[in-house]
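Below is one structure, written out as structure tokens, with a few remarks after it.
The values are calculated or read from the model by the stated rules, or taken from the named source; none is laboratory data. In this text the structure is predicted, and so the values were computed from the model without any measurement. Methodologically, a virtual Cβ is constructed for each residue, glycine included, from the backbone with ideal geometry; neighbour enumeration extends over all protein chains shown.
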Amino acid sequence: MADRGRALVRLVALVAAVAVLPLFVRPVVAAEIWIFAIAAMALNLIFGYTGMLSFGQATFFGIGAYAGALMMIHWQAPLLLALAGGAVLGALTAAVLGYLCIQRLGIYFIMLTFGFNQMFFFIAYKWTDLTGGEDGLPGVPRPPLALGPLHLPLNTATRYYLFVAVVFLLLFYAMKRIVDSPLGLICRSIRENPNRAAAIGYDVKLYKWIAFTIAGAFTGLAGVLYAMMYGIVPLEAISWITSGDIVFMVLIGGLGNLYGPLLGAAGLKWLSEAVSVVWQRWPLILGVALVLVVLYLRGGLVEALARLREALARRRLRPRVREESA
Amino acid sequence: MSVSLLSWAVLNGLVTGVIYALTGVGLSIILGLLNIPNFAHGALYALGAYFLYAAAQAALGFWGGLIAAALGVALLGMAIEYLGLRRLYGVHPDYALLLTFGLSLILTEATIFVWGPTGFTFQPPLMLAGGVNLGVMVYPKYRLMIMLATGLLVLGCWLFVERTKYGAIIRAGIEDRDMASALGINIRRVFTLGFAAGAALAGIGGALMLPVRGIAPTMGVEIMPVAFVVVVLGGLGSLPGAIVAGLLVGVFQSLMTALWAPGADASVFALMTLGILLRPQGLLGQR
Amino acid sequence: MSGDGLLRTEGLTCDFGGLRAVDSMTLSVEPRTVHALIGPNAAGKTTLFNLISGEIPPTAGRVYFDGRDVTGLPSHRIPHVGIARCFQRNNLFPKLTVRENVWLAAFARSRPGALRFLRRVTEFPRLAAEADAIIAEVGLEAKRGDRAETLSHGQQRALEVAVALAGRPALLLLDEPTQGLAPEATRRMTELLQRLAGRYTILLIEHKMHVVMSISDRISVMHFGQLIAEGTPDEIRRSELVQKAYLGARR
């Protein structure tokens, strides 16, 4: 029961954090944090929980962004339909690519996701009629939120932030339900011991594929949100750099933990905002951070916070120990 | 398409192909031996070029610079393995991969920091300047040299691995690490040297390409995915496979560039996809 | 050789390159009996299990279960046929709790409609009760909420059996359940096996002779991948052929 209490506290803290974030950073930056948090959560599902390291999540992010943008530009698709379109296309792409990549051994999987990401990058780069190539796809509108009697224009940064925040919270809840469901436990068992998971009756490839496809849906939806943020789909959205960013967020935030990707997204975005003004070579710091995390703090920020909490708790309980041992 | 255009494309393809093969062999050694997809391979490739550039500037000349580049990257590779990767051997291999990824960022940014973000061109050494009349056309001497030299180097690698005692040790380490260790082979030293060798091959590849394509910080990022395609197509841990696949990819890409330039880059990955579907274990892979 | 057993193998063979690990094994396990498989190390016993449970495809021969040809079924389909396996070396989910380990095996065999995936893992009272009963059966109630990696070796062996039981099998393939266990733990495992004997059909690989002799109804002896003897415990105990195989191997 204490578990339930703690989980509730964390959820409340999250909602509070979402609510107050725009007071600390510009609404645009804050929105970007939650958008990437969605993509990072998706990678966490397949990597942190299922053990598949995908180095090509930008494929789905970009495809979702382009899909949603094109739907809104050419077909005047309403907001929710465009979001759904991004999610569906992200899922479909993931389903096909997942089928090709999952057949292979772990090492191949990583290289294949990277390779396919590059393929789609080059397609987007060269197919300028569709994607605008290097210059990006401009003119992405931001339709109002029209749901039944509700009609809410999202033209200001603050309003858009609220919309993104709500979508994020809904998706976070969905991810939480997935993780708490039998699928989540099966995925974890696949990460722990795929051989035994099969031996007790689970079609491991099938479940990996399902997780991969779900992640594709989440990531594609995040892409649409990104497209609407600046009104343009930049080529970077589908580049390996974005894939790398998403990997960072999950790893530095904390693998296999529901809140890890959120910390990672916030940390990375803040870092890039704060440091890039001062030093153009700030990705070097990112590289150093990654190396340090991999060598010394594999649990990421989540682990760091947990260790901090433990250290403080120990201090509070036994202030005399130091005197005795001295 | 005219004969001369076709021959040009094929020859260019062989040049890039033989470099792809070299880079792929290096990646394959590391992959097979240490079980790590080396995400820093591209950065090491680029560094080879930059080391050559710096060495040549320091009046070491082209050939001296080439050796310096190879040694420099090899030493760097040894340091990476010894200080970083070695600590991660008991841990899930994904972490070693992520380490190399972090290193690639550090190396690339450091490169830009030292040499600036724009690229340079580089002239081939005087003895290799100019062209050779091949009948259908005149082809740059330097590129022919690459084909020859790298071809020999790649052949030498293959012979070393297949025919020498040390090569057998490497193959043993690739096939069954625990068994090799149990047989008394100092597997840790093999790993260090293996990574260094793989890195050196990448560095040499980059250095050799310097007069052909020039140098830019992005060249590392550009070769990375191709190197992966080569290894995937060639088959896990198979050096001959990487060689064949490298040549295949090089020629294919070159022909595609001549036939349909916009699709050339993406088509390399389409080739990879086809390879996976038709022959999942790679051209010469075992599993 | 009696008639159709619950599990029947015919000429089961497995070649690894030049090595014939299992050579034309023909075996029949009667329902509700304990059938032991013994033999010196590397006799091919675990490989035989791997052939039956789908980990490795056989080079030749067939496997029949309950009259049905299950040869070469992939390992994830075998539990659904009614065969559950426990492994020679602890093969659990280390960071999952004892309960989760067992629950997963039970869930795999329950009839999940897609809708079941919408519920939380904690919202399956009947499966939880089933898992708890099995955990109690093997004596691990105290460790229910602990991660499998925190268990002692003996407790992990018990968990291995529990996970196999949770698959609601008709046939249990137990690979050295007493491996590495001290005498006291061995005794408890033997008692557990005796309790299970009446309810399940058991094919058991074991090295500890006193365990084998005390609970088996029938014993098959393997050597170099081949069946060299088969009979009741008494017959096997008296067999010179068997003694030679063991003594020879021990040298």
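Kindly evaluate B:ALA58 against the criterion of being within 16 Å of the chain's Cα centre (by Cα) and in a helix (DSSP H, G or I).
Numbers: within 16 Å of the chain's Cα centre (by Cα): no; in a helix (DSSP H, G or I): yes.
Answer is no for this residue.
Can you pull out the residues in segment B:231-287 that are touching a Ser or Thr at 6+ places or on another chain (Cβ under 8 Å), part of a helix (DSSP H, G or I) and more than 11 Å from chain A (Cβ to nearest Cβ)?
Of everything in segment B:231-287, those that are touching a Ser or Thr at 6+ places or on another chain (Cβ under 8 Å), part of a helix (DSSP H, G or I) and more than 11 Å from chain A (Cβ to nearest Cβ) turn out to be B:GLY234, B:LEU239, B:GLY241, B:ALA242, B:GLY246, B:GLY250, B:PHE252, B:GLN253, B:SER254, B:MET256.
When only residues in segment C:117-164 that are touching a strand residue (DSSP E or B) at 6+ places or on another chain (Cβ under 6 Å) and of a type in the set (A, V, I, L, M) count, which is farthest from A:LEU183 (Cα to Cα)?
C:VAL161
Within segment A:247-264, is even one residue among the aromatic types (Phe, Trp, Tyr) and either surrounded by 24 or more Cβ atoms within 10 Å (Cβ to Cβ) or not in a helix (DSSP H, G or I) (or both)?
First, pick out the residues of segment A:247-264 that are among the aromatic types (Phe, Trp, Tyr): A:248, A:259.
From what is left, the residues that are either surrounded by 24 or more Cβ atoms within 10 Å (Cβ to Cβ) or not in a helix (DSSP H, G or I) (or both) are A:248, A:259.
Checking segment A:247-264: at least one residue is among the aromatic types (Phe, Trp, Tyr) and either surrounded by 24 or more Cβ atoms within 10 Å (Cβ to Cβ) or not in a helix (DSSP H, G or I) (or both).
Taking A:VAL88 as meeting all but one of (1) modelled with pLDDT of 95 or more; (2) away from every other protein chain (no Cβ under 14 Å); (3) surrounded by 23 or more Cβ atoms within 10 Å (Cβ to Cβ), write down the number of the exception.
(3)
Consider B:GLY116 against the criteria (1) on the phi < 0 side of the Ramachandran plot; (2) within 14 Å of chain A (Cβ to nearest Cβ); (3) surrounded by fewer than 17 Cβ atoms within 10 Å (Cβ to Cβ): it satisfies all of them except one. Which criterion is unmet?
Evaluating B:GLY116 over (1) on the phi < 0 side of the Ramachandran plot; (2) within 14 Å of chain A (Cβ to nearest Cβ); (3) surrounded by fewer than 17 Cβ atoms within 10 Å (Cβ to Cβ) leaves (1) as the failure.
On the basis of being surrounded by 16 or more Cβ atoms within 10 Å (Cβ to Cβ) and either part of a helix (DSSP H, G or I) or within 13 Å of chain A (Cβ to nearest Cβ) (or both), does C:ALA84 make the cut? Full working, then the answer.
Details: surrounded by 16 or more Cβ atoms within 10 Å (Cβ to Cβ): yes; either part of a helix (DSSP H, G or I) or within 13 Å of chain A (Cβ to nearest Cβ) (or both): yes.
For C:ALA84, the condition - surrounded by 16 or more Cβ atoms within 10 Å (Cβ to Cβ) and either part of a helix (DSSP H, G or I) or within 13 Å of chain A (Cβ to nearest Cβ) (or both) - is met.
Have a look at A:ILE238, A:ILE200, A:ILE178, A:ILE210 and point out the one that is over 22 Å from A:VAL20 (Cα atoms), among the β-branched types (Val, Ile, Thr) and away from chain C (no Cβ under 14 Å).
Numbers: A:ILE200 fails: away from chain C (no Cβ under 14 Å); A:ILE178 fails: away from chain C (no Cβ under 14 Å); A:ILE210 fails: away from chain C (no Cβ under 14 Å).
Unique residue meeting the criteria: A:ILE238.
Kindly evaluate A:SER189 against the criterion of being hydroxyl-bearing (Ser, Thr, Tyr), surrounded by fewer than 20 Cβ atoms within 10 Å (Cβ to Cβ) and within 12 Å of chain C (Cβ to nearest Cβ). So that I can check it myself, show each step before the final result.
On the way: hydroxyl-bearing (Ser, Thr, Tyr): yes; surrounded by fewer than 20 Cβ atoms within 10 Å (Cβ to Cβ): no; within 12 Å of chain C (Cβ to nearest Cβ): yes.
Spelling it out, it is not the case that A:SER189 is hydroxyl-bearing (Ser, Thr, Tyr), surrounded by fewer than 20 Cβ atoms within 10 Å (Cβ to Cβ) and within 12 Å of chain C (Cβ to nearest Cβ).
Quick one: would you say B:LEU66 is of a type in the set (A, V, I, L, M) and either under 28 Å from B:ALA172 (Cβ atoms) or touching a strand residue (DSSP E or B) at 6+ places or on another chain (Cβ under 9 Å) (or both)? Working first, answer last.
Numbers: of a type in the set (A, V, I, L, M): yes; either under 28 Å from B:ALA172 (Cβ atoms) or touching a strand residue (DSSP E or B) at 6+ places or on another chain (Cβ under 9 Å) (or both): no.
No, not satisfied.
So in segment C:93-111, with the set limited to residues that are in a loop (DSSP other than H, G, I, E, B) and at the interface with another protein chain (Cβ under 7 Å from one of its Cβ atoms), which one is nearest to C:PRO57 (Cα to Cα)? Show your work before the answer.
Quick first cut of segment C:93-111, residues in a loop (DSSP other than H, G, I, E, B) only: C:93-96, C:110-111.
Applying the additional criterion that residues be at the interface with another protein chain (Cβ under 7 Å from one of its Cβ atoms) yields C:93-96.
Working: C:PHE93: 25, C:PRO94: 28, C:LYS95: 30, C:LEU96: 30 Å.
Top of the filtered list is C:PHE93.
Can you find, within segment B:68-96, the residue that is nearest to the other protein chains (Cβ to nearest Cβ) among those that are more than 16 Å from the chain's Cα centre (by Cα) and closer than 16 Å to B:ALA200 by Cα? Don't jump to the end; show me each part of the working.
Quick first cut of segment B:68-96, residues more than 16 Å from the chain's Cα centre (by Cα) only: B:68, B:75, B:78-96.
Checking the rest, the ones that are also closer than 16 Å to B:ALA200 by Cα come to B:68, B:75, B:78-82.
Values: B:ALA68: 24, B:LEU75: 19, B:MET78: 17, B:ALA79: 13, B:ILE80: 10, B:GLU81: 13, B:TYR82: 13 Å.
Among them, the one singled out is B:ILE80.
Residue check, A:ILE35 against (1) within 14 Å of chain B (Cβ to nearest Cβ); (2) under 14 Å from the mean Cα position of the chain (by Cα), all met but one. Which one?
For A:ILE35, the failing item is (1).
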